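Here the structure is laid out as structure tokens; the discussion comes afterwards.
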Amino acid sequence: MRVLAADLDAVARRMRSVDRVALAVHEQPDLDAVGAAAGMLDLFGQLGTPATLCVAEGELLPFEESMLPSDAVARRPPAPGETLFALDSGSLPRLALDLGDWRGEVVDIDHHHDNTRFGDLVLVRPQASSTSEIVCDLARALELTPGRAAAIALYAGISFDSGHFRHTSTSAATFATAAWLAALGVDVTAVYRELYERRSPGAVRLEGRALAGMRTVADGRALIAVLTRADYAASGAADHEAEGVVERLRAVDGVDVVALVKEQEGSPRVRVSLRSSGADVSALAARRGGGGHVQAAGFEADESPEEVTEWLSSALARLLSTASS
């Protein structure tokens, strides 16, 4: 018999009792956020509870067409009387949603260690590989089985946030959950190809520009790569096609921390992705209003790419000097 932790049991019981639900994910959602949302939409559907994923206008949801029901996404804040289930977001301000003057119950479901525990009901498990893995735990607590489309989305979320089962957050429970989803009909080879092998020529050219211009800092223990708007234009790549470049940087032998500085259209001007093999980059990101995991974090800034790169060079030198002392 499966023994449920108190927080998991409490959220499962709340899911059975709510009347109307709004789901929300963090700004600039990734595949874990989308996978978790797809899983929760499926579970609420089986419970007979109306549920909608609410996001701000202009927010891009990766793989929205294939992973989310077309009638389940709304570009609006939660409606009065809806319970808000916040997924994969470390804090309320990070939601991809303008709550305005909305007031209501918030259920916080997340796996980031720096989550501010902002919900009226909180299910935060930093040891989990992903929020999608936590949603699978909720499904089993509810004694429900995700449908095939939801199972695919949940598997994709786990694969993405665990670095395809490479990150230190990957546990025996993660593999057991992936096996459970595979048994539900997920074609794991097809998911891998869709996530990691279907890249456009522009995306490959963009990666080449990032790698060609990478620079070493902190006595060679850190790498910084910069992608400007000119790089996107020259390569013919879309903004979202920089995904994965930072992981390529991390593959360089002898490097402890890598950073990818991406210039964006509009404000904020720059978005930074950080990865490490041990140093706490979430603490560094928090200094600039960002956050994330110990070994994978990020932040945004309105400075130029050159100014952010200069700040990072000094900050990484200090971080790695402290980490080695």
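Give the order of LEU31, LEU142 when sorted by the count of other beta carbons within 10 angstrom, beginning with the fewest.
Ascending Cβ contact count within 10 Å gives the list LEU142, LEU31.
Helix 305-324: angle to the longest alpha-carbon principal axis of the chain, degrees 0 to 90, nearest 10?
80
May I ask you to sort ARG271, ARG215 by Cβ crowding, counting other Cβ atoms within 10 Å and putting the fewest first?
Going from sparsest to densest Cβ surroundings: ARG215, ARG271.
Over the Cα atoms of the range 1-112, Rg to Rh with Kirkwood Rh, two decimal places?
0.94
Mean residue ellipticity at 222 nm from the helices of the chain, using -39,500 (n - 2.57) per DSSP H segment of n ≥ 4 over the full residue count, to the nearest 500 deg cm²/dmol?
-11500 deg cm²/dmol
Under a point spin-label approximation (7 Å from Cα along Cα-to-Cβ), what is the SER277-ASP101 distance to one decimal in nm?
Placing both labels 7 Å along Cα→Cβ, they lie 5.5 nm apart.
P(r) for the range 201-324: what percent of alpha-carbon pairs falls in each 5 Å bin, starting at zero?
2, 12, 24, 26, 20, 11, 4, 1, 0
Give me the Debye-computed log₁₀ of I(q)/I(0) at q = 0.17, 0.22, 0.25, 0.28 Å⁻¹ for the range 69-130, equal point scatterers on Cα only, no solvent, two decimals.
Calculated log10 I(q)/I(0) at the listed q: -0.61, -0.93, -1.09, -1.22.
Under 4 °C and 1.567 mPa s, how fast does the chain diffuse according to Stokes-Einstein, given a Kirkwood radius computed over C-alpha pairs? Answer in µm²/s, whole number.
The estimated diffusion coefficient comes to 64 µm²/s.
From the phi of every residue in the range 252-268, what ³J(HN,Hα) in whole Hz does the Karplus formula 6.51 cos²θ - 1.76 cosθ + 1.60 yield, where θ is phi - 60° and glycine or proline is x?
5, 5, x, 9, 8, 9, 10, 9, 10, 9, 10, 6, 10, 7, x, 10, x
Please compute, over every Cα-Cα pair in the range 6-196, the percentage with a separation greater than 22 angstrom.
The proportion of pairs with Cα distances above 22 Å equals 39 percent.
Relative to the longest principal axis of the chain, what angle (0 to 90°, nearest 10) does the C-alpha long axis of helix 172-183 take?
60
Taking only Cα atoms, what is the 0 to 90° angle, nearest 10, from helix 131-141's long axis to the longest principal axis of the chain?
20
Compare the Cα positions of LEU138, ALA212, PRO126 along the charge dipole of the range 125-214 (+1 at Cβ of Lys, Arg; -1 at Cβ of Asp, Glu; about the Cα centre) and return the one farthest towards the positive end.
ALA212
Between the range 50-65 and the range 205-236, what's the alpha-carbon centroid distance in Å?
Between the Cα centres of the range 50-65 and the range 205-236 lies a distance of 30 Å.
When GLU143, GLU303, GLU243 are ordered from fewest to most other Cβ atoms inside 10 Å of their Cβ, what list results?
With the fewest neighbours first, GLU143, GLU303, GLU243 line up as GLU143, GLU303, GLU243.
How high is the relative contact order of the chain, in percent, with contacts defined as C-alpha pairs under 8 Å that are six or more residues apart?
Value for the chain: 13 percent.
Give me, ordered by chain and number, the residues 5 or more places off GLY291 or on other chains with an amide H under 5 Å from its own placed amide H.
GLY298
In the chain, if the dipole is taken from +1 on Lys/Arg beta carbons and -1 on Asp/Glu beta carbons about the Cα centre, which of ALA51, GLY39, THR177 is farthest to the positive end?
Positive-end residue among those listed: THR177.
Every number in this text was worked out from the coordinates using simple rules, so none of it is lab data. Quick caveat, the model's predicted, so the values are computed rather than measured. Because the Cβ atoms are built from the backbone with ideal geometry, glycine has one as well, and the counts that use them run over all protein chains shown.
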